[in-house]
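Here the structure comes first, spelled out in structure tokens, and everything after it is commentary.
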Amino acid sequence: MVKPPFSDTETAHWSRDPSKLMAELGSGDRGLPSAEAAERLRRHGANSVEEQRPVTALRLLLRQFESPLVLILVFGALISMVLRDWVEASIILAIVLGSTLLGFAQEHRASAAVAALRRRLALTVQVIRDGAPQTIHASAIVPGDVVQLAAGNLVPADGVVLDAKDFLVTEAALTGESFPVEKSRGVLPADTPLAGRTNCVFLGTSVRSGTARVLVVRTGRDTAFGAIASRLREQAPETEFARGVRQFGYLLLRVMIVMVVFVLVVNHVLGRPTIESLLFAVALAVGISPELLPAIVSVTLSRGARAMAARGVIVRRLEAIEDLGSMDVLCTDKTGTLTEGIVTLDAAVDPDGSPSAEVLRLAHLNAAFETGIDNPLDAAIVAAGERGRLETTGYRKIDEIPYDFVRKRLTIVLAPEGGTAEHLIITKGAFANVLAICSVEAALAGRLEAYYRQKGAEGFRVLAVATKRVASRDRYGREDEHGMAFAGLLLFFDPPKDDAKKTIRDLAALGIRIKVVTGDNRYVAAHVAAAIGLDPGAILTGEQISRLRDESLWHLAERTDLFVEVDPQQKERIVRALQRTGHAVGYLGDGINDAPSLHAADVGISVEKAVDVARESADVVLLRHDLDVLRRGVEDGRATFANTLKYISITTSANFGNMVSMALATPLLPFLPLAAKQILLNNFLSDLPSIAISTDNVDAEHTARAQRWNVNEVRRFMIVFGLISTVFDLLTFVLLLQVFQADEMEFQTTWFVVSLLTELAVVLVLRTRGPAWRSAPSRLLLWTTVVVGAAALAIPYSGPLAAAFGFMPLPWSLLAAAVFIVAAYVAATEVAKPRFYRSESRPAPG
């Protein structure tokens, strides 16, 4: 058994020799044995800064009883037991158990589905175990593992560098320093501050360029990032969806308090039994609340997430479904989304525009020896070189000056095999940035500029190549990129997708405007924009944006279709400018430089094959780099959110109407309009079809526009349609008392049947804004509603069950009157719908 990793009291690992450190951790060039790694994982736990406690079935079941409403009901049952009212206590407990088991079954299925989706996108890393590279989940990393990192990877744990090649790491998450830090093997003083530990990498940072092997020393909450997280314990910002649910809860709480206090006071004044009045008030409070809301929301969102996954859209955060549905602006690069994403090198030309084998040779050497960010341009150069049978033999790499988004160029330093006196520097990058470091005459510069614009207007992306020979030395830096000879140009072509124009029209029909945000030059971007139906004249360059005040950018961003030649900071600034003017912004990106914008956007969207840092920053991941996949995801997201609002709005409006009716009837009747157990049964049965709402069909008009939480609209919906219900409830009371002269049991039985049938029927009416007969509900919703409706009519005739709940068989005349009242209520609600929706400025739930 090896010694466990170092505690905080031991010598700092950055001050120790990496070879000795590796030996003390029981590791080596062959990495850890798999059996030892499994034992360490058991001992140290998962590599996570948050405690990962799996949600077991037992924990999920117990969580159903955490609701204050459930606890109040259990308390009521205990009071009934103390009073030896065993029937009442049994009924309350049976209903509580039924509701909690129903919620448990739905949430368990939903949580299993979400967990499966998350496992599909779990971060993986490459480690050396048993002497061979293995790909494992980042959570399974243990101290002593040897991890291989490359550009675009997230650093999965704290460790020391064993060897590195042009290895730059962005540490802004820990140090606040925006510029990447070069890392290399070495030993530093023990008192070196975190920002100066250039021989270490840290969890939460990302690899900008190069490659490295790293020995893992600390994992999970033992890391520097984990220590910060444990001290701060900051919660993620509240999403708009969660904020809407919370505000809705406050609304219900206020209504419940008013009703309960009113009923308790009235019953006390009328001298009714205290316990009976208390149980009635509690049941009334429960009756107005959609107690299955957490389960319904979880089920609806998880079902939507599964449906979206089947269409190629993986949701990493369920609440992002609402954000995706509310999106009205999508910022995206053009490569792979608007274009085919298959970049080919069309030509390598000299400064005169003539084909040049030498320029291709130099570009091939640059691309073949580059170890930074994988990109399609380098891949196209290497492929062209292989077709031309170019080789890299005869040269060895001396150094690399990695690409960054300020210089926009990459430099490789080579030495001829066997030669030591002279080195060859080859630089490749953006035309203007390479031309700026070259010694060229003004006339030649003018011709090159004209050629660059011409080819860009024809749709070619143009890179420049420069070179020079220098006396040999060990290291090179950005200062060596000057006085170079302009070698020539590389012309790349990536044709627009055949269906891009149609996809953009389809997104526009959904109320989503596309804005291209790219580092490419203005001429290529304008060519692509014209080909796919965007306005090539509505353009802003990075240089122009840098001179704009925020207020000016807010004004111009809405009217601009193309943001070109922009850097990563400007991308984020564009997103925030659009948000500032009231837009819900989606950002689609897959590169290292897209992470800040993905964080800033209302919904960050990436692709499955994106670099780690982009995929982990996203809320939604596309399995294909295709805007049409995203369009279907938006429609699914809007349908899911619409079904969630259906349950909330329809259920609370029906419950609100019934509860207001009972509250008003309480002081006027010589008995309670419904017993507590009858209210609970009514509420339980009316909730059963609600489980099927997640499967319901959604009218096309509700996926054609963005939807967002609006508690004021939900409140108005609840009051308007709830009070329509109350009007018919009061008519029912008058009919029962004045026409049928109903006694207590007959009144409660009839009123139970009427209130339950109206709650069921109104779901089918209010689930659509149009006439109910023109919009078919899902088969599951329809049949569960029919079955529960049949049960409502059958319960009074069920013998022992009816007696337990205080019901009696109804005469056929009274039953016919009840059905007539329900039919009249449905007709009145159908008539009221168009008037209500005409007054709404935004789409109503459903």
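Per-structure values
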{"quantity": "Selection count, segment 398-427, where residues are more than 41 Å from the chain's Cα centre (by Cα) and not in a loop (DSSP other than H, G, I, E, B)", "calculated": "10"}
{"quantity": "Residue within segment 650-657 that is touching a Pro at 6+ places or on another chain (Cβ under 8 Å), surrounded by 21 or more Cβ atoms within 10 Å (Cβ to Cβ), touching a residue at least 40 places away in the same chain (Cβ under 8 Å) and among the aromatic types (Phe, Trp, Tyr) present", "calculated": "no"}
{"quantity": "Single residue of segment 155-180 satisfying the filter (open to solvent by 20 Å² or more (accessible area, probe 1.4 Å) and within 16 Å of Trp14 (Cα to Cα)) that is modelled with the highest pLDDT", "calculated": "Asp163"}
{"quantity": "Tally, over segment 318-346, of residues that are more than 28 Å from Asp567 (Cα to Cα) and assigned to a loop (DSSP other than H, G, I, E, B)", "calculated": "2"}
{"quantity": "Single residue of Ala466, Ala500, Ala487, Ala509 found to be of a type outside the set (D, E, K, R) and open to solvent by 30 Å² or more (accessible area, probe 1.4 Å)", "calculated": "Ala509"}
{"quantity": "In segment 616-645, residue most open to solvent (accessible area, probe 1.4 Å) [restricted to those that are out of contact with any helix residue (DSSP H, G or I) (no Cβ under 9 Å at 6 or more places or on another chain) and within 27 Å of Ala150 (Cα to Cα)]", "calculated": "Arg624"}
{"quantity": "Test for Phe684: is it among the aromatic types (Phe, Trp, Tyr), open to solvent by 10 Å² or more (accessible area, probe 1.4 Å) and either farther than 16 Å from Leu756 by Cβ or more than 34 Å from the chain's Cα centre (by Cα) (or both)", "calculated": "no"}
{"quantity": "Long-range neighbours under 6 Å by Cβ, at least six apart or interchain, first residue over 30 Å from Pro351 (Cα atoms) within segment 490-504, second open to solvent by 30 Å² or more (accessible area, probe 1.4 Å) and of a type in the set (Gly, Ala, Ser)", "calculated": "Lys501/Gly533; Ile504/Gly533"}
{"quantity": "Count of residues meeting criterion [within 12 Å of Gln707 (Cβ to Cβ) and among the aromatic types (Phe, Trp, Tyr)] in segment 627-660", "calculated": "1"}
{"quantity": "Given (1) under 30 Å from Asp520 (Cβ atoms); (2) at pLDDT below 80; (3) open to solvent by 10 Å² or more (accessible area, probe 1.4 Å), number of the condition Arg317 does not satisfy", "calculated": "(1)"}
{"quantity": "The listed residue being within 26 Å of Ala383 (Cβ to Cβ) and either crowded, with 22+ Cβ neighbours inside 10 Å or more than 27 Å from the chain's Cα centre (by Cα) (or both), out of Phe563, Phe492", "calculated": "Phe492"}
{"quantity": "Out of Ala675, Ala700, Ala692, Ala742, sole residue that is among the small types (Gly, Ala, Ser) and in contact with a Gly (Cβ under 9 Å, 6 or more places away or on another chain)", "calculated": "Ala675"}
{"quantity": "Matching option when the condition is in contact with a helix residue (DSSP H, G or I) (Cβ under 9 Å, 6 or more places away or on another chain) and within 25 Å of Ala471 (Cα to Cα), among Leu338, Leu435", "calculated": "Leu435"}
{"quantity": "Segment 692-712 residues that are over 11 Å from Thr300 (Cβ atoms) and in a loop (DSSP other than H, G, I, E, B), paired with ones that are at pLDDT 80 or above and of a type in the set (Phe, Trp, Tyr) (beta carbon under 8 Å, 6 or more apart)", "calculated": "Gln707/Phe641"}
{"quantity": "Which listed residue, of Gly144, Gly152, is farther than 17 Å from Val216 by Cβ, touching a residue at least 40 places away in the same chain (Cβ under 8 Å) and either within 32 Å of the chain's Cα centre (by Cα) or open to solvent by less than 20 Å² (accessible area, probe 1.4 Å) (or both)", "calculated": "Gly152"}
{"quantity": "Selection from segment 726-766 of residues that are open to solvent by 30 Å² or more (accessible area, probe 1.4 Å) and not in a helix (DSSP H, G or I)", "calculated": "Phe740, Gln741, Asp743"}
{"quantity": "Only one of Asp328, Asp378, Asp404 that is at pLDDT 85 or above and either over 18 Å from Arg461 (Cβ atoms) or surrounded by fewer than 18 Cβ atoms within 10 Å (Cβ to Cβ) (or both)", "calculated": "Asp328"}
{"quantity": "Residue in segment 767-778 that is touching a residue at least 60 places away in the same chain (Cβ under 8 Å) and in a helix (DSSP H, G or I) present", "calculated": "no"}
{"quantity": "Members of segment 644-683 that are part of a helix (DSSP H, G or I) and more than 29 Å from Phe836 (Cβ to Cβ)", "calculated": "Ala676, Lys677, Gln678, Leu680, Leu681"}
{"quantity": "From the options Glu458, Glu481, Glu417, residue that is at pLDDT 90 or above and open to solvent by 60 Å² or more (accessible area, probe 1.4 Å)", "calculated": "Glu458"}
{"quantity": "Verdict on Ser80 being open to solvent by less than 20 Å² (accessible area, probe 1.4 Å), at pLDDT below 70, within 30 Å of Leu61 (Cα to Cα) and not in a loop (DSSP other than H, G, I, E, B)", "calculated": "yes"}
{"quantity": "Matching residues in segment 691-741 - criterion: being of a type in the set (Lys, Arg) and more than 15 Å from Ile650 (Cα to Cα)", "calculated": "Arg705, Arg708"}
{"quantity": "Given (1) out of contact with any Lys or Arg (no Cβ under 8 Å at 6 or more places or on another chain); (2) surrounded by fewer than 21 Cβ atoms within 10 Å (Cβ to Cβ), number of the condition Glu701 does not satisfy", "calculated": "(1)"}
{"quantity": "Filtered residue count, segment 353-397, keeping only those that are touching a residue at least 24 places away in the same chain (Cβ under 8 Å) and in a helix (DSSP H, G or I)", "calculated": "21"}
{"quantity": "Hey, Val516 open to solvent by less than 10 Å² (accessible area, probe 1.4 Å), in contact (Cβ under 8 Å) with a residue 40 or more places away in the chain and part of a helix (DSSP H, G or I) or not", "calculated": "no"}
{"quantity": "Selection within segment 19-50 - open to solvent by 70 Å² or more (accessible area, probe 1.4 Å) and either touching a helix residue (DSSP H, G or I) at 6+ places or on another chain (Cβ under 6 Å) or in a loop (DSSP other than H, G, I, E, B) (or both)", "calculated": "Asp29, Arg30, Glu50"}
{"quantity": "Contacts under 8 angstrom Cβ, first residue in segment 315-343 being in contact (Cβ under 8 Å) with a residue 60 or more places away in the chain, partner part of a loop (DSSP other than H, G, I, E, B) and aromatic (Phe, Trp, Tyr), 6 or more apart", "calculated": "Glu322/Trp709"}
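The values are calculated or read from the model by the stated rules, or taken from the named source; none is laboratory data. Note that the structure is predicted; figures quoted are calculated from it, not measured. Glycine also receives a Cβ, built like all others from the backbone with ideal geometry; neighbour counts cover every protein chain displayed. Note: areas computed on protein heavy atoms with side chains; ligands, DNA, RNA excluded. Shrake-Rupley method; radii C 1.70, N 1.55, O 1.52, S 1.80 Å.
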